[in-house]
Amino acid sequence: MKLFGQTIKFSLPFLASFIWFSGLSQNLDDTGLEKVKNQVEGHIEFLASERLYGRSTLTGHDTLAAAYLDSVFFDFGLTAAFSNNDKSYLQPFIITLTKEGNRTLEIPGKNYEYGKDFISLGANPQTDKELEVVFGGVGSYDNIDTLDIKGKALLILTNNLRVAGLKIQELAREKGCLAIIAANPLDLNQFESLSRQFYSKHKKMKVDVAGIEEKSITRYFSRFGEPIPRVIISNDLAENILGENPKKILKKIKDEEEVKSPPKEFKILFDFSQQIDSISTSNVIGIIRSERKTEQNVMVCAHYDHLEPEGDRWYPGADDNASGIAILLEVARLLANDYQKGYRPNRNIVFSAFTAEEIGLLGSHYYSHNPVFPVDSMKLVLNFDMAGRMGLQEKKGNNLYVWGNNDLDDFYKTIKNINSDTTLVIDPESIADISLFSLSDHHHFDKKGIPAYLLTTGLHVDYHQPTDVPEKLSYKNMAKIVKLTYNAIRHYADKE
């Protein structure tokens with residue numbers, strides 16, 4: 001494969017310093033677990049080393065990790081998902097990066113600055129035409145329903161800029177409104193506060209998967225999938241648009257006095273410049289195929305990328321998520337070893353190492369639209385993310401947290417029965433910060449109705465810090481998780 005202009009393929013002698021290829025029986029004894037522990041440690045030591053410098057997709061350091069995984073899958077003898085010659089396990093795709101440039105709002109005779117006078121929440125407003133402004137009072141549903149706002153911008157006054165316009169989003173969209181603009185005359189500090197909060201976020205790059213219409217994970221402040229662009233403005237700008245102090249206009253509305261919209265010849269124009277670049281990256285996908293005529297499959301997945309360095313400050317990402325990848329690799333090795341000894345599952349087993357998770361779950365997003373087998377033939381997904389701190393965190397004991405929305409019949413009961421190690425606690429209920437953990441690579445399968453489960457040992461103080469290093473992981477307990485996962489995959493892959 002290509003890495004920074006050079007063709008790289010890891011040789012077996014290189015890998016041998018990290019991996020042992022001895023066979024293990026289905027029932028892992030203490031000796032077998034010790035070997036698993038050592039191999040997991042070897043994978044993590046390499047993936048979290050300074051040589052890979054954080055494995056960031058944005059800087060290209062994930063490419064070296066992908067080359068490593070590609071060679072490991074080859075030496076395991078897995079079937080390549082997207083290659084006819086079984087020599088490359090890479091699933092390449094393109095990520096687009098959009099950088100915001102200068103952004104202004106122009107009204108007759110004056111330009112206004114982004115961040116100082118206005119800011120957008122979520123999607124940017126249309127920039128290729130001047131917009132007539134229609135005043136919608138305080139944004140009541142009954143009032144908006146009477147207005148002609150097709151192809152125009154709607155200006156409302158509110159007491160809360162954060163939620164302004166949400167109640168009328170659906171109606172405004174049906175009526176063809178192109179932007180909702182809001183000002184808060186009752187709280188002169190709210191615009192400045194929100195502007196400071198979101199301006200830095202808007203300066204950052206926006207990333208997406210090229211060629212897929214469905215947008216990647218975003219933080220739009222709307223419950224609608226395609227919200228009308230919302231723009232919040234300062235009270236000075238609102239006064240210049242309306243021709244009167246907005247607080248006085250609110251009093252007129254309260255007193256049921258008439259307030260007119262700006263004249264039709266009064267137009268506003270948004271000017272947002274952008275620079276769009278692209279980068280190439282890859283998922284790494286390997287398969288153990290069933291010999292039966294089936295497209296049904298079970299999947300083990302984890303993301304192998306981590307964070308972009310900041311100068312000399314870099315992020316090893318030992319737990320996040322070299323730990324999950326190491327578990328995936330060991331489960332793959334054990335099952336591949338079984339296959340070489342004659343084992344044939346009833347369902348295909350897919351091993352998916354996803355990239356670009358840290359910048360929006362992009363690798364799993366791409367795979368969910370370009371799977372090896374149809375998505376609806378996927379019977380189970382086990383996603384490992386931060387699974388290396390079992391037994392090392394205060395008040396969490398030896399808990400392995402398991403979480404998912406779409407329940408597979410008796411899944412938790414089955415997993416607990418498979419768990420022969422009484423020192424490993426399967427916990428499906430008490431995971432903390434569940435909203436954060438829901439945004440991992442199982443998300444794209446979960447929303448399609450697939451039984452997709454996150455397995456994790458939880459957050460800790462080293463999360464997204466340079467201190468997330470290999471020596472802080474519990475390799476003994478990770479070996480136990482490998483054993484549990486191996487037996488669980490055997491169970492679900494072998495079922496009729």
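A few notes on this one:
- Of all residues in region 441-477 being closer than 30 Å to residue 379 by Cβ and of a type in the set (A, V, I, L, M), the one that is modelled with the lowest pLDDT: 459
- Scanning region 134-163 for residues that are open to solvent by 30 Å² or more (accessible area, probe 1.4 Å) and within 17 Å of residue 246 (Cα to Cα) yields a count of 4.
- Qualifying residue in region 59-70 (condition: modelled with pLDDT under 95, touching a helix residue (DSSP H, G or I) at 6+ places or on another chain (Cβ under 8 Å) and of a type in the set (A, V, I, L, M, F, W, C)): no
- Residues in region 255-269 that are open to solvent by 70 Å² or more (accessible area, probe 1.4 Å) and either under 29 Å from the mean Cα position of the chain (by Cα) or among the aromatic types (Phe, Trp, Tyr) (or both): there are none.
- Of all the numbered requirements in (1) part of a helix (DSSP H, G or I); (2) surrounded by fewer than 19 Cβ atoms within 10 Å (Cβ to Cβ); (3) in contact with a helix residue (DSSP H, G or I) (Cβ under 9 Å, 6 or more places away or on another chain), residue 406 misses one, and that requirement is (1).
- Restricting attention to region 188-209 and to residues that are out of contact with any helix residue (DSSP H, G or I) (no Cβ under 9 Å at 6 or more places or on another chain) and not in a helix (DSSP H, G or I), the residue that is modelled with the lowest pLDDT turns out to be 204.
- Residue selected from region 289-327 under the condition of a type in the set (D, E, K, R) and buried (at least 24 other Cβ atoms within 10 Å of the Cβ), by the criterion nearest to residue 355 (Cα to Cα): 305
Residue-wise test of (1) open to solvent by 20 Å² or more (accessible area, probe 1.4 Å); (2) among the aliphatic types (A, V, I, L, M); (3) in contact with a Lys or Arg (Cβ under 6 Å, 6 or more places away or on another chain); (4) not in a loop (DSSP other than H, G, I, E, B).
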{"site": "82", "(1), (2), (3), (4)": "yes, no, no, no"}
{"site": "88", "(1), (2), (3), (4)": "yes, no, no, no"}
{"site": "94", "(1), (2), (3), (4)": "yes, yes, no, yes"}
{"site": "97", "(1), (2), (3), (4)": "no, yes, no, yes"}
{"site": "105", "(1), (2), (3), (4)": "no, yes, no, yes"}
{"site": "112", "(1), (2), (3), (4)": "no, no, no, yes"}
{"site": "116", "(1), (2), (3), (4)": "yes, no, no, no"}
{"site": "125", "(1), (2), (3), (4)": "no, no, no, no"}
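- Output for region 270-283, where each listed residue is modelled with pLDDT of 95 or more and either open to solvent by 50 Å² or more (accessible area, probe 1.4 Å) or in contact with a Leu (Cβ under 6 Å, 6 or more places away or on another chain) (or both): 280, 282
The values are calculated or read from the model by the stated rules, or taken from the named source; none is laboratory data. Everything numeric here is computed off the predicted structure, so don't read it as measured data. Virtual Cβ from ideal backbone geometry, glycine too; neighbours counted across all protein chains shown. Ligands, DNA and RNA are excluded from the accessible area calculation, which covers all protein heavy atoms including side chains. Shrake-Rupley method; radii C 1.70, N 1.55, O 1.52, S 1.80 Å.
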